[in-house]
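Visitor: Have a look at this one.
The values are calculated or read from the model by the stated rules, or taken from the named source; none is laboratory data. A quick note: this is a predicted structure, and the numbers were derived from the prediction, not measured. As a convention, Cβ positions derive from the backbone with ideal geometry for all residues, glycine included, and neighbour counts pool all protein chains shown. Only protein heavy atoms, including side chains, enter the accessible area calculation; ligands, DNA and RNA are left aside. Shrake-Rupley method; radii C 1.70, N 1.55, O 1.52, S 1.80 Å.
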Amino acid sequence: AAGRLTAVEAVEAAIARIEAGDGPINAVVVRDFDHAREQARAAAAALARGERRPLLGVPMTVKESFDLQGFPTTWGFEPFAAHRAAEDALAVQRLKAAGAVVLGKTNVPVMLADWQSHNPLYGRTNNPLDPARSPGGSSGGAAAAVAAGFVPLELGSDIGGSIRVPAAFCGVYGHKPTHGLLPSRGHAPGGLDGSEPPLAVIGPLARHPTDLAVALKVLAGPDPALTRAPGAPLPPPRAARLADLRVLVLDEHPVARTARDVRAAVNVLGDRLSEAGARVERAAAHMPDLSAAHETYIRMLNTVITRGQPTARPISAHAWMEALDEQTTVRRHWADLFERWDLLVAPTFGTVAFPHDDTPDWAARTLDFDGEPGRYGDQLAWPGVATFPGLPATALPAGMSGGLPIGVQLIGPAGEDLTPIRAAELLGEY
């Protein structure tokens, strides 16, 4: 919009970066460069006419799990390889309507079910900072593409940390929105689109938190196929200055082990907030029962992600309703807590990016916590702090350990997504 480069130049530069640098990373696994060039020319003409839209001419990619017209939506699963999407996912439609130029799609694990991004169709995505390590998952290709400088913006999804963990592992920003804020139509394995899954959300990744807010405003609002009622506008951030924030700091979870450097980064961030004038306290006395919440979260999560599997053991409808009751109780606890506080600072994951691990059974995988092994699957607890009650959470880089980024999440009040995003922006400026 400022005229420092054209939309065509921006898109050609992004394509050139992908073609030159993606070989050893393998992030952008579906490429639509010819169509992107057409979009770029159209965006350049629109800008020349004086049009202004939030993302007009901005090159970006989207996670493979979103429908992109004419391309397969496989979720890394071979039986869906022949599928071709009849239209773009609703979120992709909104991004394009805002002027974004979609270059292609980024890699995922099979059925989005890992903190790695490896599948038999597209192969393995490597972390741009260390190719021997995971970029995270399931939006691992998304975070890698942003971290490698291929694109400034990406569209991912999150049910078990799938936006936040890749952002943490790759040293970029990601936002898990309030549950239900962004519609997910067109985010399903090929041809299986239906009801929106409980717990799951879609959301942006970027190199700067301001871009998260821009994308969120473009994407927010109900699915018009389900309701014509307009969505409520996003409330403004609670604080314009770090000094105005009331912050709780949580560096330990009763279920998940947490490495020393990760705990230290969380507390250093708390100290920075305190130095900036924010009111900062330890979270322990204010939290809901995190162990009980995690147990119910896992029960719900397993029900959602095993749907349709021949070996699935679904819970009864009444057990599901009991889980919803427990979720509601926890949501009320958080709503009460956020009457008195504005943010919770917590780890995104208990370690930095780990080496690739092809052990098929999660129960057999371990992670290194300061020289001691800890269970891989237990790390669902950290993303679950925000996922189970449906809260917004912004992942941001907060230090380094052994040359790898440490990720922290800022969890905010339900429906007030701009509060943690703005806090991340202010921390970047502080």
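Visitor: For the stretch 227-314, which semi-axes, largest first and in whole Å, follow from the square roots of 5 times the eigenvalues of its Cα gyration tensor?
Guide: Over the Cα atoms of the stretch 227-314, the semi-axes work out to 33, 24, 11 Å.
Visitor: When the C-alpha atoms of the stretch 12-63 are aligned to their principal axes, what extent does each axis show, in angstrom, from largest down?
Guide: Answer, in whole Å and largest first: 40, 17, 15 Å.
Visitor: Sort LEU234, LEU269 by accessible area with a 1.4 Å probe, largest first.
Guide: So, going from the largest accessible area down, we get LEU234, LEU269.
Visitor: What is the spread of the Cα atoms of the stretch 5-164 along each of their three principal axes, largest first, in whole Å?
Guide: Between the extreme Cα coordinates on each principal axis of the stretch 5-164 lie 45, 34, 25 Å.
Visitor: Then there is this: Expressed as a whole number of Å, what is the distance separating the alpha-carbon centroids of the stretch 32-85 and the stretch 148-213?
Guide: Distance between centres, Cα-based: 16 Å.
Visitor: Under a 1.4 Å probe, what is the accessible area of the stretch 5-104 per residue, stated in Å²?
Guide: Ligands and nucleic acids excluded, the figure is 41 Å² per residue.
Visitor: Okay, next question. At a 10 angstrom cut-off on C-beta neighbours, averaged per residue, how do the peptides 405-412, 185-192 rank from highest to lowest?
Guide: By packing density, highest mean first, the sequence is 405-412, 185-192.
Visitor: With a 1.4 Å probe and all protein chains kept in place, how do ASP130, ASP32 rank by accessible area, largest first?
Guide: So, going from the largest accessible area down, we get ASP130, ASP32.
Visitor: While we're looking at this one, here's another question. So what are the stretch 334-393's ellipsoid semi-axes, whole angstrom, largest first, if each one is the square root of 5 times an eigenvalue of the alpha-carbon gyration tensor?
Guide: Equivalent ellipsoid of the stretch 334-393: 29, 13, 9 Å, largest first.
Visitor: May I ask you to give the average projected area over all directions of the convex hull of the Cα atoms of the stretch 391-430, in nm² rounded to one decimal?
Guide: Convex hull of Cα atoms, orientation-averaged projection: 2.8 nm².
Visitor: How would you order 271-279, 168-176 from highest to lowest mean count of nearby Cβ atoms within 10 Å?
Guide: Final packing ranking: 168-176, 271-279.
Visitor: For the chain, what's the relative contact order in percent, using C-alpha pairs closer than 8 Å and at least 6 residues apart?
Guide: About 16 percent, as a whole number.
Visitor: Sticking with this one: Search the structure for amide H atoms under 5 Å from the amide H of VAL408, placed 1.01 Å from N in the peptide plane, and list their residues when 5 or more places away or on another chain.
Guide: Those lying under 5 Å, H to H, from VAL408 are THR348, LEU396, ALA398.
Visitor: Now for a different question. Leaving ligands, DNA and RNA out of it, rank ASP342, ASP358, ASP211 by accessible area with a 1.4 Å probe, largest first.
Guide: The ordering from most to least exposed comes out as ASP358, ASP211, ASP342.
Visitor: Here is a follow-up. Tell me which residues come under 5 Å, amide H to amide H, from GLY104 once H is placed; ignore anything under 5 positions away on its chain.
Guide: ASP32, VAL62
Visitor: Something else about it: Distances longer than 40 Å among the Cα atoms of the chain: what percent of all pairs is that?
Guide: Percent of Cα pairs beyond 40 Å in the chain: 12.
Visitor: Whole number please: convex hull volume per residue of the Cα set in the stretch 197-238, in Å³?
Guide: Measuring per residue, one finds 111 Å³ for the Cα hull of the stretch 197-238.
Visitor: Give the Cα extents of the stretch 154-223 along the principal axes, in whole Å, largest first.
Guide: 33, 24, 19
Visitor: While we're on this one: Show me 303-311, 3-11 ranked by packing, highest mean number of other Cβ atoms within 10 Å first.
Guide: With the highest mean Cβ count within 10 Å placed first, the list reads 3-11, 303-311.
Visitor: Which of PRO120, PRO131, THR106 sits closest to the plus end of the dipole of the stretch 73-131, meaning its Cα is farthest towards the positive end, when Lys and Arg get +1 and Asp and Glu get -1 on the C-beta?
Guide: Result: THR106.
Visitor: Right, another one. Towards the positive end of the charge dipole of the stretch 175-308, with charges on Cβ (+1 Lys, Arg; -1 Asp, Glu), say which of THR296, ALA285, ALA225 has the farthest Cα.
Guide: ALA225
Visitor: In addition: Of the accessible area of the stretch 311-353, with the probe set at 1.4 angstrom, what percent is carbon plus sulfur?
Guide: Ligands and nucleic acids excluded, carbon and sulfur give 53 percent.
Visitor: If you take the Cα atoms of the stretch 285-430, find Rg, then find the Kirkwood Rh from the mean of 1/r over all pairs, what is Rg/Rh?
Guide: My calculation puts Rg/Rh at 1.00.
Visitor: At a 1.4 Å probe, what is the % contribution of carbon and sulfur to the accessible area of the stretch 48-205?
Guide: That fraction is 55 percent.
Visitor: Among residues other than THR306 whose Cβ falls under 12 Å from its Cβ, what is the net charge (Lys/Arg +1, Asp/Glu -1)?
Guide: Within the 12 Å Cβ shell, the charges total +3.
Visitor: Give me the Kirkwood hydrodynamic radius of the stretch 274-327 in Å, from all C-alpha pairs, to one decimal place?
Guide: 13.8
Visitor: I've got another one for you. Might you work out the accessible area of GLU295 for me, using a 1.4 Å probe with all protein chains in place, and round it to the nearest 10 Å²?
Guide: Around 120 Å² of this residue is reachable by solvent.
Visitor: For the stretch 150-189, what is the accessible area per residue in Å² when the probe is 1.4 Å?
Guide: Computed with neighbouring chains in place, this is 14 Å² per residue.
Visitor: Nearest 20 debye, what's the magnitude of the dipole of the chain about its Cα centre given +1 on Lys and Arg Cβ and -1 on Asp and Glu Cβ?
Guide: For the chain, the charge dipole is close to 840 debye.
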